[in-house]
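Novice: Here you go, one structure.
The values are calculated or read from the model by the stated rules, or taken from the named source; none is laboratory data. Keep in mind that what you see is a predicted model, and the values were worked out from it rather than measured. Cβ coordinates were reconstructed from backbone atoms using ideal geometry, including for glycine residues, and neighbour counts include every protein chain displayed. Please note that ligands, DNA and RNA were not included when accessible areas were found on the heavy atoms of the full protein model with its side chains. Shrake-Rupley method; radii C 1.70, N 1.55, O 1.52, S 1.80 Å.
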Amino acid sequence: NICKTPFCSKFATCLVTSMFTSFHFVASGVAKRPVSSFLRHLNDEVEASDRKDGSSLEATRDMVIMWRQAGKFVPQEMTNEEVETLEKLATKTAAKSYLKYLAIKERYKLARKEKQQKRAEEEASLQEKREDNYEDDEEGCKLKNVFLLRFWTRSLERQLGWKAAQAMQFGQPLVFDMSYDSKMSRRELRNTVKQLSEAESWNRRSIEPFHLHFCNLQPDGPYKQELLKRYGAQAWDRLLITSTDQQHVNVFPREQLVYLTADSPNVLRTFDHTKVYIVGALVDRTIQSGVSLANAKRLKLATARLPLDEFLQWAKGAKNLTLDQMIRILLTLKDTGKWEEALTFVPTRKHDGFHQQEAQTQMTNNRATSVTNHRERDGMNGSEIKPPIPLHLSL
């Protein structure tokens, strides 16, 4: 078997030629050539073949240069491998197509390099502008005395992160129960994780955030897998929350825990800052009532529900709220203590307004109806209904 590389093919050709030449010398009665003479002859043959190939490569390069000067669409630079590939092509049409492919590839590469260089120049100019707006002193970076101060996104994220870190030390705990993965489909689980990320975002941007606890979060469970897909491994590790695979009854005293569920018979009248409220991380599109209530009863925990019927004219449907709506209601209630402000985060499509607003509307309608009836009665008695006298005329 002869190697198919160019050098080995040339070497094999020269070797066979020399063998036949030596055999001819022996057959014709000439004395056998020495081994050193044979190898020297073989080396000369290989060098001659290399010079021939080198000259052919140069000829191919000269042909490409001539085509470029003639205005043909050819690349500006070619490697030795590309020239060898071009030389092996049998037809002129194939050579033109290959040169066109190399030219297009070269153009894309140059355009990509120019775009990267332009982006680097823009970033450098932006960095110079930022440095112009700051002046360094002993304490660090200080803003100049300008009319409008710039508030950078990184500064906002740093401030929100500082508040979340303080909440982890001194904030009131709020627990999300992650033990409902077997009660949901894959789609419902993804929707739950999406609502959890929105709830965490609203909590981080609040005035006094909760210390969030993700309890019953198994390391290799479906909740954890979806959370890692949502946040990414690095962002999840930097998230300022507490996640554990333990149950909430093993983390907090049982007498402090209150499970919030829409099926509870107990109404949450006031917000207690000493309690630890639990929200089930559950999205149930099939409306399986009593799932979270049964879980709370099994653990012998106190339960409560939001006073939706007491404040809102609820329309038809289950009284289930999303996780981000729940945390916004609880944050507002913790800050203000007013249910009227907290329940504004309930979607208006689910209710017809507050009870007080409906009473005021009904009183206004009754007053207007009584005035109309009084005027009609006066008209039937024959008395003329006089229009009201303007104020400036009566004076």
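Novice: Does at least one position in region 281-291 carry a residue that is in contact with a Ser or Thr (Cβ under 6 Å, 6 or more places away or on another chain), touching a residue at least 60 places away in the same chain (Cβ under 8 Å), within 19 Å of PRO209 (Cβ to Cβ) and outside any helix (DSSP H, G or I)?
Specialist: So far as region 281-291 goes, yes, one or more of its residues are in contact with a Ser or Thr (Cβ under 6 Å, 6 or more places away or on another chain), touching a residue at least 60 places away in the same chain (Cβ under 8 Å), within 19 Å of PRO209 (Cβ to Cβ) and outside any helix (DSSP H, G or I).
Novice: Which condition from (1) in contact (Cβ under 8 Å) with a residue 60 or more places away in the chain; (2) in contact with a strand residue (DSSP E or B) (Cβ under 6 Å, 6 or more places away or on another chain); (3) under 13 Å from LEU330 (Cβ atoms) is the one that ASP177 breaks?
Specialist: Condition (3) is where ASP177 drops out.
Results for (1) open to solvent by less than 100 Å² (accessible area, probe 1.4 Å); (2) at pLDDT below 70; (3) within 30 Å of PHE210 (Cα to Cα), shown as yes or no for each residue.
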{"site": "ARG119", "(1), (2), (3)": "no, no, no"}
{"site": "GLU122", "(1), (2), (3)": "yes, no, no"}
{"site": "SER125", "(1), (2), (3)": "yes, no, no"}
{"site": "GLU128", "(1), (2), (3)": "no, no, no"}
{"site": "ASN133", "(1), (2), (3)": "yes, yes, no"}
{"site": "LEU143", "(1), (2), (3)": "yes, yes, no"}
{"site": "GLU157", "(1), (2), (3)": "yes, no, yes"}
{"site": "ALA165", "(1), (2), (3)": "yes, no, yes"}
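Novice: Name the single residue, out of those in region 219-262 being within 25 Å of GLY290 (Cα to Cα) and among the acidic types (Asp, Glu), that is nearest to the chain's Cα centre (by Cα).
Specialist: This residue is ASP245.
Novice: Give me the residue from region 274-321 that is surrounded by fewer than 19 Cβ atoms within 10 Å (Cβ to Cβ), polar (S, T, N, Q) and within 24 Å of TRP339 (Cβ to Cβ) and, out of that set, modelled with the lowest pLDDT.
Specialist: My answer is SER289.
Novice: Suppose we filter PHE252, PHE271 for residues that are in contact with a Pro (Cβ under 9 Å, 6 or more places away or on another chain), open to solvent by less than 80 Å² (accessible area, probe 1.4 Å) and in a loop (DSSP other than H, G, I, E, B); which single one remains?
Specialist: PHE252
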